[in-house]
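Peer 1: Before I ask anything, let me first share the structure, which is written out below as structure tokens.
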Amino acid sequence: MVKHTSPNGPAVLAVYLIAFLQGLTLVSFPASSAVLKQMHGFTDAQYGAIFLPQVALAVLGAVVGGTLARRLGLQPLLWLAAAGNGLSQLALAASLWVMPALAFPTILLGTALLGWSFGLGGAPLNSYPPRFFPQRAPAAVVALHTLLGLGLMVGPLLADGFGRAGGWIGFPLSLLGLSGLLALLAATVHLPRDVGSETERRATLNPPLKSGAFWVFAAIAVLYAFAEGTFSNWAVIYLREAKVLPAGVAALALSVFWGAMVAGRLLVAVLVVRIAPLMIWLMLPMLMIAAFLLLPAANTPILGLGLFALAGLACSAFFPLTITLASARFPEYVAWVSSMLIAALMVGVGLGSFVIGPLREWLALEHLYRLSALYPVAVLGLALWLTGSRRRVAAEVGAFRSAS
């Protein structure tokens, strides 16, 4: 039996503010894309490559996070994640101070630190809210992801504001300071110690690796992440370079994307009371397809902002619903499945962003956006296969029970 500890204000504040910090730092490198390309002269291929260390270390962090949680506890992982986020911002700022030849390796170090922190932080950030508010666990988790989304939305605006003031470096340095404060808070507050269950610990020793359904869920997470990464990591460059829209509009479009994602998650949290989550899950890839096919027409600020809002709405609740449905499919392996799907998400975001860079040598971004509609098409096909397999399994179980 898991013991629930009554939440205290500083502990709740630490967890939820670190989720907000996670959003700010995750978007810090894409929000600084113009600075990185102009000040360091990065090519499209180099810019796409900076996300590869983030992917690799995020996957590693998510995979080993369960083991570290059992050995160290979740609280150390929480403050280590906050500290790692801060170090990633130090590397981002330091890229302006080092020799030009070291700028690219410094940025790679920063994204690697960011990925490692994201992977480690997944376990504590998703485990503590249900322990704080056991009677309102779904709302508690939605609130945490909403704050993470708000960080993703606010980050580009902060980067643009510092840049307009002529002091872009204040953006990563302010995030470095916030990370230090939150790491200290997370290390000193009283957090629940008993945040796991014996079932979850046993599950990590015998995960459902032989299940075809699990691998389909993982493939869906990767393909979805290809779509999300294409939308988010190339938004500013697409609108500024391909559509020649003002820098402020390009930065605002990225914020609009994340803002629509936050609003969509809150909307879906209300809709799932009346509409089956599976139906919403199947509808969202259709909106992604529409967004990809329409984005090449984003020739005005209004169209650019509106279409990235559509993209954010389409992406909003798809991944949380993927985790929800996968957890329902494997109820004894919730923690392990969640961690692995987060790792799959990071693989897709990084690889999807990297692939676009080299492809720009042959295809314009407008054409690449149209081709990217194949990602949600494949997602929809796999989701429909999962839906059919689930019905087949349910029918077989029903027939077995009837025969018994």
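No value in this document is a laboratory result; all are computed from the given coordinates. Only a predicted model underlies this, so the values are computations on that prediction, with no experimental measurement involved. Cβ: placed from backbone, ideal geometry, glycine included. Neighbour counts: every protein chain shown.
Peer 1: Consider a paramagnetic label point 7 Å from the Cα of residue 64 along Cα→Cβ; state which residues of the stretch 100-126 have an amide N under 18 Å from it.
Peer 2: It comes to 109-124, nothing else.
Peer 1: How far is it, in nm, from the label point at residue 165 to the one at residue 374 when both lie 7 Å from their Cα along the line to the Cβ?
Peer 2: The modelled label-to-label distance comes out at 4.5 nm.
Peer 1: Are there any chymotrypsin sites (Phe, Trp or Tyr not before Pro) in the stretch 315-385 that are in a DSSP loop and have at most 11 other Cβ atoms within 10 Å? List them by number. Mind dumping the intermediate values first?
Peer 2: Details: sites: 318, 333, 336, 354, 362, 369, 385; in loops: 362.
Answer in residue order: 362.
Peer 1: Hydropathy at least 0.0 by Kyte-Doolittle, axial extent at least 24 angstrom from the Cα trace: which helices of the chain, defined as entire DSSP H runs, fit? Mind dumping the intermediate values first?
Peer 2: Values: long enough: 9-26 (25 Å, 1.79); 51-72 (29 Å, 1.35); 74-94 (30 Å, 1.09); 100-132 (48 Å, 0.71); 137-164 (41 Å, 1.28); 170-188 (27 Å, 1.76); 212-233 (31 Å, 1.24); 247-271 (36 Å, 2.00); 277-294 (26 Å, 2.32); 334-359 (37 Å, 1.95); 374-403 (43 Å, 0.69).
For the chain, where a helix must reach 24 Å along its axis and average at least 0.0, the hits are 9-26, 51-72, 74-94, 100-132, 137-164, 170-188, 212-233, 247-271, 277-294, 334-359, 374-403.
Peer 1: Restricting to Cα pairs below 8 Å that are 6+ residues apart, what does the relative contact order work out to for the chain? Please round to a whole percent.
Peer 2: Details: 629 pairs, mean separation 101.0, N = 404.
For the chain, the relative contact order is 25 percent.
Peer 1: Separate question: Among 45-57, 90-102, how do they line up by average Cβ neighbours within 10 Å per residue, starting with the highest? Spell out each step's value before the answer.
Peer 2: Working: 45-57: 21.5, 90-102: 15.8.
Ranked from most to least packed, the peptides come out as 45-57, 90-102.
Peer 1: Once every DSSP H run of n ≥ 4 in the chain is given -39500 (n - 2.57) and the sum is divided by its residues, what mean residue ellipticity at 222 nm do you get, rounded to the nearest 500 deg cm²/dmol?
Peer 2: Working: 18 runs with 322 residues, N = 404.
Result for the chain: -27000 deg cm²/dmol, rounded to the nearest 500.
Peer 1: While we're looking at this one, here's another question. Ranked by Cβ crowding within 10 angstrom, fewest neighbours first, how are 286, 261 ordered?
Peer 2: Ordered by Cβ neighbours within 10 Å, fewest first: 286, 261.
Peer 1: At a Förster distance of 30 Å, what's the computed FRET efficiency of residue 367 paired with residue 96, Cβ-Cβ distance as r, to 0.05? Walk me through the numbers on the way to the answer.
Peer 2: Working: r = 34 Å, r/R0 = 1.14.
Given R0 = 30 Å and the Cβ-Cβ separation, E is 0.30.
Peer 1: With springs only between Cα atoms under 10 Å, which of 231, 132, 29 fluctuates most in a Gaussian network model of the chain?
Peer 2: Fluctuation is largest for 132.
Peer 1: Could you sort 153-162, 168-177 so that the peptide with the highest average Cβ count within 10 Å comes first and the rest follow in order? Walk me through the numbers before you get to the answer.
Peer 2: Values: 153-162: 21.9, 168-177: 19.3.
Peptide ranking by packing, descending: 153-162, 168-177.
Peer 1: Give me 254, 150, 365 sorted ascending by neighbouring Cβ count inside 10 Å, so fewest comes first. Please report the intermediate quantities before stating the final value.
Peer 2: Values: 254 29, 150 18, 365 22.
Exposure proxy ranking, most exposed first: 150, 365, 254.
Peer 1: Between Rg and the Kirkwood Rh of the stretch 202-404, both from Cα atoms, what is the Rg to Rh ratio? Each step should come with its number before you reach the end.
Peer 2: Working: Rg = 18.6 Å, Rh = 17.9 Å.
Ratio value, two decimals: 1.04.
Peer 1: Continuing with the same structure: Can you sort 40, 367 by how many other beta carbons sit within 10 Å, fewest first? Show your work: numbers first, answer last.
Peer 2: Working: 40 16, 367 13.
Arranged by neighbour count, lowest to highest, 40, 367 become 367, 40.
Peer 1: To the nearest Å, what is the center-to-center distance of the stretch 50-70 and the stretch 95-121, using C-alpha atoms only?
Peer 2: If you average the Cα positions of each part, the centres end up 15 Å apart.
Peer 1: What number, in percent, do you get for the relative contact order of the stretch 202-404 if the mean sequence gap of Cα pairs under 8 Å and at least 6 apart is divided by its residue count?
Peer 2: Numbers: 231 pairs, mean separation 75.7, N = 203.
Reported relative contact order: 37 percent.
Peer 1: Moving on. Find the centroid of the Cα atoms in the stretch 326-348 and in the stretch 147-166, then give the distance between the two in whole Å.
Peer 2: Measuring centre to centre over Cα atoms gives 30 Å.
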